[in-house]
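Engineer: Would you mind keeping the following structure in view while I ask a few things?
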Amino acid sequence: MDNLSEIINYLKGKKVRFADAREHLFRERQIMTEDTRVEGINEQNVSGTGIKVLYENGWGYASTSAKGMDSLKKAADKALSLARNADKTATGKVELAAEPKHVAKFATKTKEDLFGPGVGDAVAVLIEAGETILKGKDVIKAGSYLVFRNVKKKYANTEGSLIETDISTVLPQIDATARANGEVKSRHYWPAPMNAGYEYFRGLDFKTNAERIAAQAREHCFAKSCETGATTLILDPEHLSLTMHESVGHPTELDRVLGYEESCAGRSFATTDKLNNFKYGSELVNFIADNTLEGGLASCGYDDEGVECQKWHMIKDGILTGYGVNRELAHKLKLKRANGTTRATKYCDVPITRIPNLYLAPGKKPLSFEELIADTEDGIYIEGMGSFSIDQMRLNMQFGGDAFWEIKKGKITGMLKNVVYNAISYEFWRKCDAIADKRSFKRAGFITCGKGDPMQAAQMTHGASPARFREIMVRRAKH
Amino acid sequence: MNSTIEKILKKPVTDHVVITCEKFETHSIRFSNNSVNRENLCKLAEEVRVEVGYDGRTGSFSTNDLSEDSIKHAVEKAYEAAKLLPKDSEYMPPVTEAEAAKIKNFKPAFGKMSEGRKYGILRDAFRELKKAGLNSAGSLSTTPLTFEVYNNNGVHISHSNCVSSLTLTAMTENSSFRESHISKDFADYDGEVFISNIIKHAQLSRNPAPLEPVKFTVVLGPSAVEELLLMFLWYNMDAKAIDEGRSAFSKRAGKRIATEAIHIYSKPDHATASLSPFCPNDGMPFIGFDMIKNGKLARAWYSRFYAAKKGVPATGRFPANIIFKGTNKPVDKLISNVGNGLYVNSFWYIRLVDLMDGIFTGMTRDGLFRIKDGKLTGSVNNFRFNQSVFDMLRDTTEIGKEKALFSMACASIPPITVKDFNFTSKTEF
Ligand SMILES: [Zn+2]
């Protein structure tokens, strides 16, 4: 018998109501460059086993980096003793939603091992991108950030599940900063982070994009300031990925909604009485949660409480229709099953509800990006992510962007600067009056979504086609 | 482990091998709805990081497998990486014994907290809050930690410390108030005072009144000051960025940037806000120095490389701690001197809006109170601000008593009174 099954049997003998154990090997290579030098390389291997125990109505979690049965038993005993302490403060009965027993394996589809090519290969690509950026007029800084991550897990629980997963992730970013006309402005090229192998990194066009962002960073320095007032916005997929993350992804985490996250990440306005009746957006707005999306950052086959990854509507035709739900809280919505979006970052972290892969469905009517712009008399077109902030109930939000252009008479004209817009989240989505079709759908995503206490960083993919929003309050960031 | 490391360093693969060990033993108990029903965990995080330099380039590798084979493997991987890299124009050799001799090590006193004491503190809190008709969420954690740095120059330094904290948000049906207690081991924790203060403010926060956003005179609580100030320093204090024109300080060289009374400095062995006397990554001694004094930028933050280039002492890209010199005035005294204004307990989700002018946005959270005639009179709906930190430093009119805090870094920060704080929109709660 393997160690995980043995420790699960050991805990069964201690009369726990539920227990699971997760062997978790986290391997990562991070490369940071500054101009044409390597600013830092962090390589890490962090491995260990985390054990979660439900005793009566109290949870405990303990972990060990050691592999022997003695260490695992010690961790199991510790988790049990913590659970007993928690049980003494329990105020209600813990009910776990049923999940079929899974004996399964899942792996990211890759062609080339992330750690196969030596570190020098990726460094050479990034340094070359830096050289290209620095050739740009008035450019004073080039930078890059690259992450290769592989996470292998083995999961077992007292219900007989035995799951192995092997997930590979790539995150590439390059940045340019220009100084001219009394301004300092940056521009970035952040292709979508993906669950993929080295082939994804190899296929990216850094050269063309390095030239483009260097020129646009400078152009931004000469841009005119936007006017303060309500206007039309057209937002690109990368930008929308951040707005949807903050104003749809986080508010629909059921643990937040029910107050469990109050002390850190906060709560949510999207309370359960609003399920299936609250107008979250215009009728055009459909948000799909999909942890089965190929290459999606949250696509891991099975989550860290042994639940199979799933696909569901978070918002359908503008109405709130779902949440991210773990096994413990499913019954609060009278759901029979959790939806497989509970994850932990490393072995020593407790799995918690995380935002799934979540995207704004493309418009159903044929509409290209060019047609969307041509159909817009006046407004601002925003690309990329910039300043972002939202209150703890996920209502008052303010976003900047990476680059801004004025739209006049159906045409993108010159660049603008100092643009921030401010809205109440659901009012913003209600003002969406056009979404381009699937031809211009693009992904983006994050590997640094912070939640939990102690804080954990999670990864998930977002995506959208460019979309238009009417009467949004734009403010000049400075005068 | 020490003997393994010493063995490796006796025959180093190159003339640049640095091995650092970090050990954190965390017990974190999280609660909500007046019960321990969230993360309730013990973790022992022990990690070794190896840095190998080769001909002006540096590679590194970290692992939490502390066996001899694993550490040797880490050395090989770091060496291999170094060999594959281009020469680094900012290469720095390891800290020397002479440099390390400048470290002013200190031994903070702290005891071990029993499980009974930890859960006991929480049970008392839950009981009192329930009695007061309030809900609660938060966490209690203790983390004894040790940093060690070894290198082939014969440096071997070690520092042990402890960070413990209780953060508690008390909630009514429509409002909340948060407070934290940062400590080494809770020997200085007075549960009755802590909880009664929270209950008093949470009750007062009930039924926030509607208010429109304009510029207000504010008393910012220590947490609010810390959140905004540390974010500002983090973005702007790097000496190289200032010289390269990429910091808000770049165009303010030699200029007045704050009112005279503001004194912000670092003191590695500060009594309540200390973590380590050296940089855990390389053993660089942390030094005490003034950052903002007499209305001006006194000294920026220098990496070892940039300090050597400029011929000034290195401070680290983030110093040992941030101390904002306080007075002995309690926060109530600051409030009593405001005729019409707001008390901001804390901020939330602060983000940069404009780098070169130090403008940040964020929300008020967990306690925004109206001040009328020197007294807190009730709470109001939360606001968003868009505020220049330079304006805040210029318009600070009174400074209160320091409080130990720990979010981005170890800090000791007072409440301050600021006129014309720029609130720009409101939210629905
Ligand atoms: Zn997030």
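The values are calculated or read from the model by the stated rules, or taken from the named source; none is laboratory data. Being a predicted model, the structure only gives us computed values, none of them experimental. Cβ placement follows ideal geometry from the backbone for every residue including glycine, while neighbour counts extend to all protein chains displayed.
Engineer: What about A:Ile133, is it farther than 30 Å from B:Ile29 by Cβ, surrounded by fewer than 20 Cβ atoms within 10 Å (Cβ to Cβ), among the aliphatic types (A, V, I, L, M) and not assigned by TED's automatic domain parsing to the domain that holds A:Tyr260?
Structural biologist: Working: farther than 30 Å from B:Ile29 by Cβ: yes; surrounded by fewer than 20 Cβ atoms within 10 Å (Cβ to Cβ): no; among the aliphatic types (A, V, I, L, M): yes; not assigned by TED's automatic domain parsing to the domain that holds A:Tyr260: yes.
When the stated conditions are applied, A:Ile133 does not pass them.
Engineer: Take the conditions part of a loop (DSSP other than H, G, I, E, B), touching a Phe, Trp or Tyr at 6+ places or on another chain (Cβ under 7 Å) and surrounded by 20 or more Cβ atoms within 10 Å (Cβ to Cβ) and apply them to A:Pro356. Does it pass? Break it down stepwise before answering.
Structural biologist: Numbers: part of a loop (DSSP other than H, G, I, E, B): yes; touching a Phe, Trp or Tyr at 6+ places or on another chain (Cβ under 7 Å): no; surrounded by 20 or more Cβ atoms within 10 Å (Cβ to Cβ): yes.
Taking the combined requirement at face value, the residue does not satisfy it.
Engineer: Let me ask something additional. On the given criteria, is A:Ala265 closer than 21 Å to A:Asn422 by Cα and surrounded by fewer than 24 Cβ atoms within 10 Å (Cβ to Cβ)?
Structural biologist: Values: closer than 21 Å to A:Asn422 by Cα: yes; surrounded by fewer than 24 Cβ atoms within 10 Å (Cβ to Cβ): yes.
Here the answer is yes, as A:Ala265 does meet what is asked.
Engineer: Filter the range A:329-370 down to the residues that are of a type in the set (D, E, K, R) and within 14 Å of chain B (Cβ to nearest Cβ), then identify the one that is farthest from the ligand (Cβ to nearest atom).
Structural biologist: Residues of the range A:329-370 that are of a type in the set (D, E, K, R), as a first pass: A:332, A:334, A:336-337, A:343, A:346, A:349, A:354, A:364-365, A:370.
Subset that is within 14 Å of chain B (Cβ to nearest Cβ): A:332, A:343, A:346, A:349, A:354.
Values: A:Lys332: 22, A:Arg343: 13, A:Lys346: 18, A:Asp349: 16, A:Arg354: 9 Å.
Residue satisfying both the conditions and the ranking: A:Lys332.
Engineer: May I pose another question? What's the total number of residues in the range A:239-264 that are out of contact with any helix residue (DSSP H, G or I) (no Cβ under 6 Å at 6 or more places or on another chain) and either more than 16 Å from the ligand (Cβ to nearest atom) or not hydrophobic (A, V, I, L, M, F, W, C) (or both)?
Structural biologist: Qualifying residue count, the range A:239-264: 17.
Engineer: Looking at A:Asp175, A:Asp236, which one is within 30 Å of A:Leu275 (Cα to Cα) and away from the ligand (no atom under 16 Å from the Cβ)?
Structural biologist: Numbers: A:Asp175 fails: within 30 Å of A:Leu275 (Cα to Cα).
Within the list A:Asp175, A:Asp236, the selection yields A:Asp236.
Engineer: Just checking, which of A:Lys316, A:Lys279, A:Lys311 is out of contact with any strand residue (DSSP E or B) (no Cβ under 7 Å at 6 or more places or on another chain) and farther than 30 Å from B:Ser141 by Cα?
Structural biologist: Details: A:Lys279 fails: out of contact with any strand residue (DSSP E or B) (no Cβ under 7 Å at 6 or more places or on another chain); A:Lys311 fails: out of contact with any strand residue (DSSP E or B) (no Cβ under 7 Å at 6 or more places or on another chain).
It is A:Lys316.
Engineer: So, of the residues in the range A:453-479 that are buried (at least 24 other Cβ atoms within 10 Å of the Cβ) and closer than 30 Å to B:Met408 by Cα, which turns out to be farthest from the ligand (Cβ to nearest atom)?
Structural biologist: A:Thr461
Engineer: So in the range A:81-119, with the set limited to residues that are of a type in the set (Ser, Thr, Tyr) and over 26 Å from the mean Cα position of the chain (by Cα), which one is nearest to A:Ala338 (Cα to Cα)?
Structural biologist: To start, the set of residues in the range A:81-119 that are of a type in the set (Ser, Thr, Tyr) comprises A:81, A:89, A:91, A:108, A:110.
Retained after the next criterion (residues that are over 26 Å from the mean Cα position of the chain (by Cα)): A:81, A:89, A:91.
On the way: A:Ser81: 27, A:Thr89: 25, A:Thr91: 22 Å.
Checked the range A:81-119; the qualifying residue nearest to A:Ala338 (Cα to Cα) is A:Thr91.
Engineer: I'm told A:Ile380 meets every condition in (1) more than 16 Å from the ligand (Cβ to nearest atom); (2) touching a residue at least 60 places away in the same chain (Cβ under 8 Å); (3) touching an Asp or Glu at 6+ places or on another chain (Cβ under 6 Å); (4) assigned to a strand (DSSP E or B) except one. Can you identify the failing condition by its number?
Structural biologist: (3)
Engineer: Assess whether B:Asn345 counts as being surrounded by 16 or more Cβ atoms within 10 Å (Cβ to Cβ), under 18 Å from the mean Cα position of the chain (by Cα) and assigned to a loop (DSSP other than H, G, I, E, B).
Structural biologist: Details: surrounded by 16 or more Cβ atoms within 10 Å (Cβ to Cβ): yes; under 18 Å from the mean Cα position of the chain (by Cα): yes; assigned to a loop (DSSP other than H, G, I, E, B): no.
Answer is no for this residue.
Engineer: Residues of the range A:424-447 being in contact with a helix residue (DSSP H, G or I) (Cβ under 8 Å, 6 or more places away or on another chain) and within 16 Å of the ligand (Cβ to nearest atom), which ones?
Structural biologist: A:Ser425, A:Ala444, A:Gly445, A:Phe446, listed by residue number.
Engineer: Let me ask something else. Going through the range B:265-290 one residue at a time, which ones are surrounded by fewer than 21 Cβ atoms within 10 Å (Cβ to Cβ), farther than 26 Å from B:Pro93 by Cα and hydrophobic (A, V, I, L, M, F, W, C)?
Structural biologist: Answer for the range B:265-290, where residues must be surrounded by fewer than 21 Cβ atoms within 10 Å (Cβ to Cβ), farther than 26 Å from B:Pro93 by Cα and hydrophobic (A, V, I, L, M, F, W, C): just B:Ala271.
Engineer: Report, by residue number, each residue of the range B:119-134 that is touching a helix residue (DSSP H, G or I) at 6+ places or on another chain (Cβ under 8 Å) and modelled with pLDDT of 95 or more.
Structural biologist: B:Ile121, B:Asp124, B:Ala125, B:Glu128, B:Leu129, B:Ala132, B:Leu134
Engineer: Answer yes if at least one residue in the range A:435-453 is in contact with a Pro (Cβ under 8 Å, 6 or more places away or on another chain) and either at the interface with another protein chain (Cβ under 10 Å from one of its Cβ atoms) or acidic (Asp, Glu) (or both), and no otherwise.
Structural biologist: Scanning the range A:435-453, I find at least one residue that is in contact with a Pro (Cβ under 8 Å, 6 or more places away or on another chain) and either at the interface with another protein chain (Cβ under 10 Å from one of its Cβ atoms) or acidic (Asp, Glu) (or both), so the answer is yes.
Engineer: With the requirement that a residue be buried (at least 19 other Cβ atoms within 10 Å of the Cβ) and among the aromatic types (Phe, Trp, Tyr), what does the range B:131-190 give you?
Structural biologist: Initial filter on the range B:131-190 (buried (at least 19 other Cβ atoms within 10 Å of the Cβ)): B:134-142, B:144, B:147-153, B:155, B:157, B:159, B:161-172, B:175-184, B:186.
Listed by number, the residues that qualify are B:Phe147, B:Tyr150, B:Phe177, B:Phe186.
Engineer: Considering every residue within the range B:73-89, establish whether at least one is more than 29 Å from A:Glu34 (Cβ to Cβ) and not basic (Lys, Arg). Even if it seems obvious, please write down each step before you answer.
Structural biologist: Quick first cut of the range B:73-89, residues more than 29 Å from A:Glu34 (Cβ to Cβ) only: none.
Scanning the range B:73-89 turns up no residue that is more than 29 Å from A:Glu34 (Cβ to Cβ) and not basic (Lys, Arg).
Engineer: Need pairs with beta-carbon distance below 8 Å; first residue not assigned by TED's automatic domain parsing to the domain that holds B:Ala271 and within the range B:412-428, second among the basic types (Lys, Arg) and in a strand (DSSP E or B); sequence gap 6+ or separate chains.
Structural biologist: That search, which allows pairs on different chains as well, returns nothing.
Engineer: Run down A:Val139, A:Val123, A:Val119 and say which single residue is closer than 26 Å to A:Thr448 by Cα, crowded, with 22+ Cβ neighbours inside 10 Å and either among the small types (Gly, Ala, Ser) or within 14 Å of another protein chain (Cβ to nearest Cβ) (or both).
Structural biologist: A:Val119
Engineer: Just to be sure, is B:Ala125 among the small types (Gly, Ala, Ser), surrounded by 18 or more Cβ atoms within 10 Å (Cβ to Cβ) and in contact with a Leu (Cβ under 7 Å, 6 or more places away or on another chain)?
Structural biologist: On the way: among the small types (Gly, Ala, Ser): yes; surrounded by 18 or more Cβ atoms within 10 Å (Cβ to Cβ): yes; in contact with a Leu (Cβ under 7 Å, 6 or more places away or on another chain): yes.
Answer is yes for this residue.
Engineer: If you don't mind, another one. Of B:Ser407, B:Ser336, B:Ser425, which residue is closer than 30 Å to A:Met385 by Cβ and at pLDDT 95 or above? Spell out the reasoning first.
Structural biologist: On the way: B:Ser407 fails: at pLDDT 95 or above; B:Ser336 fails: closer than 30 Å to A:Met385 by Cβ.
Step by step, each of B:Ser407, B:Ser336, B:Ser425 is checked, and only B:Ser425 is closer than 30 Å to A:Met385 by Cβ and at pLDDT 95 or above.
Engineer: Quick one: A:Thr33 ticks every box in (1) of a type in the set (S, T, N, Q); (2) assigned to a loop (DSSP other than H, G, I, E, B); (3) within 30 Å of A:Gly130 (Cβ to Cβ) bar one, so which box is it?
Structural biologist: That leaves (2) as the condition not met.
Engineer: Separate question: Of the conditions (1) crowded, with 20+ Cβ neighbours inside 10 Å; (2) over 30 Å from A:Leu146 (Cβ atoms), A:Val103 fails just one. Which one is it?
Structural biologist: The one condition A:Val103 does not meet is (1).
Engineer: Please verify whether B:Val353 is at pLDDT 95 or above, touching a helix residue (DSSP H, G or I) at 6+ places or on another chain (Cβ under 6 Å) and assigned to a strand (DSSP E or B), treating the condition exactly as stated.
Structural biologist: Details: at pLDDT 95 or above: yes; touching a helix residue (DSSP H, G or I) at 6+ places or on another chain (Cβ under 6 Å): no; assigned to a strand (DSSP E or B): yes.
The answer is no for B:Val353.
Engineer: Suppose we keep only residues that are of a type in the set (D, E, K, R) and under 21 Å from the mean Cα position of the chain (by Cα) within the range B:149-188. Which one would you say is farthest from the other protein chains (Cβ to nearest Cβ)? Spell out the reasoning first.
Structural biologist: Step one: filter the range B:149-188 for residues of a type in the set (D, E, K, R), giving B:173, B:178-179, B:184-185, B:188.
Restricting the remaining residues to those that are under 21 Å from the mean Cα position of the chain (by Cα) gives B:178-179, B:184-185, B:188.
Numbers: B:Arg178: 7, B:Glu179: 11, B:Lys184: 19, B:Asp185: 19, B:Asp188: 22 Å.
Applying the filter and picking the extreme gives B:Asp188.
Engineer: Of all residues in the range B:360-411, count the ones that are among the charged types (D, E, K, R), free of Cβ contacts under 8 Å to residues at least 40 places away in the same chain and not in a loop (DSSP other than H, G, I, E, B).
Structural biologist: As a first pass, look at the range B:360-411 and keep what is among the charged types (D, E, K, R): B:365-366, B:370, B:372-373, B:375, B:384, B:391, B:394-395, B:398, B:401-403.
Checking the rest, the ones that are also free of Cβ contacts under 8 Å to residues at least 40 places away in the same chain come to B:372-373, B:391.
Still in the running and not in a loop (DSSP other than H, G, I, E, B): B:372, B:391.
Matching residues across the range B:360-411 total 2.
Engineer: Looking only at residues in the range B:292-307 that are crowded, with 19+ Cβ neighbours inside 10 Å and of a type outside the set (Gly, Ala, Ser), which one is farthest from B:Lys240 (Cα to Cα)?
Structural biologist: Among residues in the range B:292-307 that are crowded, with 19+ Cβ neighbours inside 10 Å and of a type outside the set (Gly, Ala, Ser), the one farthest from B:Lys240 (Cα to Cα) is B:Ile292.
Engineer: I would also like to ask the following. Go through A:Gly414, A:Gly450 for me and flag whichever is part of a strand (DSSP E or B), more than 16 Å from the ligand (Cβ to nearest atom), more than 16 Å from A:Leu235 (Cβ to Cβ) and of a type outside the set (A, V, I, L, M, F, W, C). Give the steps one after another, and end with the answer.
Structural biologist: On the way: A:Gly450 fails: more than 16 Å from the ligand (Cβ to nearest atom).
Just a single option satisfies the conditions, and that option is A:Gly414.
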